[in-house]
Amino acid sequence: MRDDVLARVRAALAGRERFPHPGASPSTARVTPEPGDVVDRFAASFQAAGGEVVRLPDVQRARQWVATFAAELTGVAQSPLLPPALRVEVPDAPPEQAELGVSLALHAVAETGSLLLSSAEGRLLQLLPPTHLVWVPVDRVRDTLAEALGTEAPADVSALALHSGPSKSADIGRIVVTGVHGPARVIAAVVG
């Protein structure tokens with residue numbers, strides 16, 4: 001199957017003029033990080049897009065916070081990539097029934113207020129629960145998207161998802177509605 005698709009692409013491109021790669025985008029080639037703490041800048045950008053940010057000094061405080069946060073939940077869909085210390089002590093549920101989805105960020109980006117998530121977690125976990133909690137180890141917060149994308153990805157990542165706050169759309173009547181194509185509430189919990 002794969003070889004057939006690649007053969008059709010090669011045939012379609014045969015005889016076409018080749019153009020050299022233009023190099024780095026001017027916007028990423030000259031990016032100078034703004035002054036201030038990278039985590040503060042990520043938090044400001046993420047909150048400006050409608051997301052919520054919780055800063056927790058260490059894993060112990062993170063466990064205490066999430067225990068309180070999830071105390072009344074009946075089911076949680078959790079990423080298989082979560083370290084045991086960050087797993088929520090609530091019964092697991094499939095994403096379509098879970099009240100909360102819990103992910104681990106590959107990176108968080110101050111420049112765009114985006115969370116980079118792995119496809120290895122499963123897109124349903126990231127999109128179906130009405131609330132999405134994303135753990136962000138403080139050492140994974142990057143200044144720019146180019147910096148985050150320039151780091152080596154884990155071997156099991158076949159695609160990335162970028163989340164910049166809750167799902168929203170203004171397609172109908174130019175009225176912004178949240179939670180249309182994904183969670184209505186996204187919380188980035190920065191640990192460390």
Compute the distance in nm between two label points, each set 7 Å from the Cα along the Cα-to-Cβ direction, one at Glu99 and one at Asp37.
3.1 nm
Just subtract the alpha-carbon distance of Arg18 and Ala85 from 0.36 nm times their residue separation and send over the number in nm, one decimal.
19.0 nm
Residues with beta-carbon under 13 Å from that of His132, excluding His132: net charge, scoring Lys, Arg +1 and Asp, Glu -1?
-1
Charge tally in the Cβ shell below 15 Å around Val9, where Lys, Arg are +1 and Asp, Glu are -1, Val9 excluded:
+3
Length gained, Val138-Arg61, 0.36 nm per residue minus C-alpha separation, equals 26.3 nm
Between Asp92 and Thr151, Cβ-based FRET efficiency (R0 45 Å, step 0.05) works out to 0.90
With a probe of 1.4 Å, find how much accessible area segment 109-159 has per residue, and write the answer as a whole number in Å².
43 Å²
Filter the GluC sites (Glu not before Pro) in segment 91-146 down to the DSSP loop ones having no more than 10 other Cβ atoms within 10 Å, then list what survives.
Glu96
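The values are calculated or read from the model by the stated rules, or taken from the named source; none is laboratory data. Since we're looking at a predicted model, the values are computed, not measured. Every residue, glycine as well, gets a Cβ built from its backbone with ideal geometry; the counts of neighbours run over all protein chains shown. The area values use the complete protein model at the heavy-atom level, side chains included, leaving out ligands, DNA and RNA. Shrake-Rupley method; radii C 1.70, N 1.55, O 1.52, S 1.80 Å.
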